[in-house]
Amino acid sequence: MAAITMRLPVARKAMGPSAPRGGEKHLVAPGDTITTDTGYMRGHGTYVDEEKLIASVAGAVERVNKLVCVKALKTRYNGEVGDIVVGRITEVQQKRWKVETNSRLDSVLLLSSMNLPGGELRRRSAEDELAMRDYLQEADLISAEVQSVFSDGALSLHTRSLKYGKLGQGVLVQVSPSFVKRQKTHFHDLPCGASVILGNNGFIWIYPTPEQKDEEAGGFTTSLEPVPLSDREVISRLRNCIVALVTQKLMLFDTSILYCYEASLPHQIKDILKPEVMEEIVLETRQRLLDLEG
Amino acid sequence: MASVVLSEAEKLYIVHGIQEDLRVDGRGCEDYRCAEVETDVVSNTSGSARVKLGHTDILVGVKAEMGTPKLEKPDEGYLEFFVDCSANATPEFEGRGGEELGTEIANTFYRVFSSESSIDLKSLCINPREHCWVLYVDVLLLECGGNLFDAISIAVKAALFNTRIPKVRVLEDEEGSKEIELSDDPYDCIRLNVDDVPCIVTLSKIGYRHVVDATLQEEACSLASLLISVTSKGALTSMKKMGKGSLDPESIFEMMETGRRVGKSLHIALQKILDEEESLGTSRQKVGFLG
């Protein structure tokens with residue numbers, strides 16, 4: 001039975017500010033004057049013009065003692081050492097892979113930063129270099145950690161732990177990096193039956209929880225077995241919930257995703273993306289998160 | 001066409017999901033994404049419509065101009081299609097990158113509308129062999145999110161529904177020279193009958209099944225797709241196969257049946273929304289682009 005819904009567009013409603021914690025946010029657009037006080041140091045997203053501090057990006061002003069910076073809401077990913085990222089291989093070069101991580105430049109994954117199968121530690125030989133394409137090809141997805149930042153801003157990634165490596169079957173959702181909250185861990189096994197990797201670069205990977213926890217595979221062997229229908233439903237629902245949270249401008253972290261999932265259970269999976277259902281679910285999630293804090 | 005790259009495992013996940021009638025966003029194989037339709041968005045056209053189908057955003061404008069009828073059809077007006085793939089949609093369309101896709105879409109629409117019953121061209125005639133209305137249908141691709149043809153056909157039908165062509169009278173002088181007089185009342189116009197205008201349904205073959213309204217990711221997994229244009233009564237006006245892969249004749253029949261069924265529901269839903277918008281009249285709040 002085909003289901004086709006069409007609707008007339010509705011003007012976006014300005015959402016009232018959610019309970020301001022720690023005062024109102026100072027929002028600026030490019031060109032707005034932040035302050036005329038010269039005692040402040042300028043941080044990211046600002047520049048000085050005629051003794052005035054002016055914003056160069058659109059976002060919220062953050063002040064830490066004497067440092068003023070503007071954190072943009074929609075931006076390319078600016079990597080920092082220690083961040084978890086999910087990336088897609090774009091090129092296979094000599095001794096390294098180029099990875100797309102939604103930043104200004106493609107990130108680099110050196111062959112020496114990659115775990116060899118079996119976890120062996122040895123110097124990479126010429127055979128390893130020739131066999132690079134057997135490990136990772138163009139369009140493959142990987143989870144990695146940022147090892148360092150080059151002078152031009154490109155990131156150097158490493159997968160030197162068994163929890164990183166090539167990703168198998170699952171769904172990728174791309175959101176703006178500013179929606180992913182910085183947390184202690186970005187790998188979550190949600191109780192609803194799926195696992196999620198919240199990449200700091202805005203790439204969210206949802207996949208079925210692997211049953212056995214043995215780690216010697218290290219992410220090289222991808223299971224090509226069909227994922228059972230029950231897991232698929234959970235993954236699709238999570239994907240729609242994440243899209244709903246991002247559309248309604250709520251931060252993404254494990255608790256918010258879980259609450260949104262629970263709030264969406266009474267609805268059918270495909271209905272979650274309808275504007276009115278989205279609003280209802282996210283409102284309930286927001287309410288539960290506020291109750292959790294208060 | 002804009003495309004995304006997917007890893008083998010992701011493609012496998014999508015293909016297996018479709019076998020079990022559960023797509024990545026929870027839809028079934030015959031479900032469309034939620035569509036938003038708005039007409040009369042561009043003020044200096046005779047009719048316009050904007051359709052948002054998921055991430056696909058299309059703007060269609062129809063301009064009615066006076067022209068000479070074609071030699072082989074002296075008592076009919078005609079339609080001219082032009083598709084502009086703007087660089088807004090994807091960087092691949094920068095410069096002349098979008099021309100190839102644009103001409104392909106325009107040619108498809110010429111075929112779709114080539115059937116005599118789709119639109120009453122005789123009503124566009126003013127003076128046989130001398131004057132007729134030419135409807136220039138301009139399509140602008142604002143965003144490419146998969147399933148372009150369907151979205152464009154919905155927008156074209158909505159724009160033709162919205163088109164208002166001014167009423168003209170032909171006055172004859174004593175010498176026989178004809179003068180065309182435009183009526184003074186700006187609201188005195190003729191509307192087109194869009195009951196038989198076909199809509200395109202794209203069926204993409206993924207694995208062993210076919211899906212309607214494929215997203216960019218699903219299009220990357222499908223090797224062949226069938227484009228059929230269906231009228232509201234379920235009649236097929238044209239068919240086109242796209243893609244590098246091959247289609248089994250059995251599956252073509254199945255896809256045609258599915259396309260017909262889905263096409264009829266599409267027309268019903270679209271007509272309902274167009275009538276609803278019409279009934280709101282001047283009190284309707286126009287959302288447009290800055291809503």
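A short reminder: the numbers here are calculations on the coordinates, not readings from a lab. From a predicted model like this one, the values you see are computed outputs, not experimental measurements. A quick note on method: Cβ atoms are made from the backbone with ideal geometry, for glycine too, and the neighbour counts reach across all protein chains shown.
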Checklist entry - How high is the FRET efficiency between residue B:189 and residue A:71 when r is their beta carbon distance and R₀ equals 45 Å, given to the nearest 0.05? => result 0.30
Checklist outcome for this item: Among B:125, B:187, B:203, the residue whose Cα sits farthest towards the positive end of the charge dipole of chain B (+1 at Cβ of Lys and Arg, -1 at Cβ of Asp and Glu, taken about the Cα centre) is B:203
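As a footprinting exposure proxy, order A:148, B:265 by other Cβ within 10 Å, with the fewest listed first.
Placing the least packed residue first, the sequence is A:148, B:265.
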Checklist entry - Just how large is the dipole of the protein assembly as shown about the Cα centre, in debye to the nearest 20, putting +1 at every Lys and Arg Cβ and -1 at every Asp and Glu Cβ? => result 1640 debye
Checklist entry - Roughly speaking, what is the stretch gain from residue B:265 to residue B:130, that is 0.36 nm per residue apart minus the C-alpha to C-alpha distance, in nm to one decimal? => result 44.6 nm
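What does the net charge come to around residue B:189 if you take all other residues with beta carbon closer than 15 Å to its beta carbon, with K and R at +1 and D and E at -1?
-2
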Checklist entry - Suppose R0 equals 56 Å; then what is the FRET efficiency for residue A:249 and residue A:133 from their Cβ-Cβ distance, rounded to the nearest 0.05? => result 0.85
Item to check | For residues of B:25-32, the mean tally of beta carbons on other chains within 10 Å | outcome: 6
Item to check | Residue (of A:38, B:238, B:101) at the positive-pole extreme of the protein assembly as shown, dipole from beta-carbon charges | outcome: A:38
Checklist entry - Per residue of B:159-170, how many C-beta atoms from partner chains lie within 10 Å of its own C-beta, taken as a mean? => result 0
Checklist entry - So which cysteines of chain A have no other cysteine's Cβ under 4.7 Å from theirs? => result A:69, A:192
Checklist entry - So what's the gap between the Cα centers of segment B:189-250 and segment A:41-101, to the nearest angstrom? => result 43 Å
Checklist entry - Per-residue mean of other chain beta-carbon atoms within 10 angstrom of the beta-carbon, peptide B:276-286? => result 1
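Highest first, please rank the peptides A:164-177, B:180-193 by the mean number of other Cβ atoms sitting within 10 Å of their residues.
Order by mean packing, descending: A:164-177, B:180-193.
Tell me whether the protein assembly as shown comes out rounded, prolate or oblate; compute the Cα gyration tensor, take square roots of the eigenvalues as a ≥ b ≥ c, and use a/c under 1.5 as the rounded threshold.
Numbers: a/c = 2.07, a/b = 1.58, b/c = 1.31.
Since a/c reaches 1.5 and a/b is larger than b/c, the shape of the protein assembly as shown is classed as prolate.
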Checklist entry - Ordered by packing density, taken as the mean number of other Cβ atoms within 10 Å over each peptide's residues, highest first, how do B:149-160, A:83-94, B:270-281 rank? => result B:149-160, A:83-94, B:270-281
Checklist outcome for this item: For chain A, the helices passing both cut-offs (Cα extent along own axis of 20 Å or more, Kyte-Doolittle mean at least -0.5, full DSSP H runs) are A:229-247, A:275-293
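Please label the shape of chain A as rounded, prolate or oblate, based on the square roots a ≥ b ≥ c of the eigenvalues of the alpha-carbon gyration tensor (a/c under 1.5 means rounded; beyond that, a/b larger than b/c means prolate, else oblate).
Oblate.
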Checklist entry - Going down the list A:166/A:274; B:11/B:205; B:167/B:264, which pairs span over 23 Å between their C-alpha atoms? => result A:166/A:274; B:167/B:264
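Antiparallel versus total DSSP beta bridges in segment B:1-152: what percent is that, nearest 5?
75 percent
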Checklist entry - Can you give the angle from 0 to 90° between the axis of helix B:249-280 and the longest principal axis of chain B, with both taken from C-alpha atoms, to the nearest 10? => result 50 degrees
Next on the checklist: Suppose a student asked you for the relative contact order of segment B:189-291, using Cα pairs under 8 Å spaced at least 6 residues apart; what percent would you report?
Outcome noted: 23 percent
Next on the checklist: Given the DSSP H assignment, sum -39500 (n - 2.57) over each helix run of at least 4 residues in chain B and divide by its residue total; what's the result at 222 nm in deg cm²/dmol, nearest 500?
Outcome noted: -9000 deg cm²/dmol
Item to check | Listed residue (B:115, B:158, B:222) projecting farthest to the positive dipole end of segment B:94-224, Cβ model | outcome: B:222
Next on the checklist: Can you classify segment A:28-72 as rounded, prolate or oblate using the Cα gyration tensor, where a ≥ b ≥ c are the square roots of its eigenvalues, rounded means a/c under 1.5, and otherwise it's prolate if a/b beats b/c and oblate if not?
Outcome noted: oblate
Checklist entry - Is it possible to state the helix-based mean residue ellipticity at 222 nm for chain A, with each DSSP H run of 4+ residues giving -39500 (n - 2.57), the sum divided by total residues, to the nearest 500 deg cm²/dmol? What is it? => result -6000 deg cm²/dmol
Checklist entry - Among A:69, B:125, B:85, what is the fewest-to-most ranking by other Cβ atoms within 10 Å? => result B:125, A:69, B:85
Checklist entry - Contour minus end-to-end for residue B:92 and residue B:21, with contour as 0.36 nm per residue of separation and end-to-end as the Cα-Cα distance? => result 22.3 nm
Item to check | Nitroxide proxy distance, nm - points 7 Å out along Cα→Cβ at residue B:180 and residue B:278 | outcome: 2.6 nm
Checklist entry - Using Cα pairs under 8 angstrom and six or more residues apart, how large is the relative contact order of chain B, in percent? => result 20 percent
Next on the checklist: Given an 8 Å cut-off on Cα distances and at least 6 residues of separation, report the relative contact order of segment A:28-72 as a percent.
Outcome noted: 41 percent
Checklist outcome for this item: Descending packing, highest mean Cβ count within 10 Å first, for B:88-101, B:165-178, B:9-22 is B:9-22, B:88-101, B:165-178
Item to check | Distance between modelled label sites at residue B:120 and residue A:32, nm, 7 Å Cα→Cβ extension | outcome: 5.6 nm
Item to check | Distance-filtered residues of segment B:196-211 - backbone nitrogen under 11 Å, label point 7 angstrom along residue B:236 Cα→Cβ | outcome: none
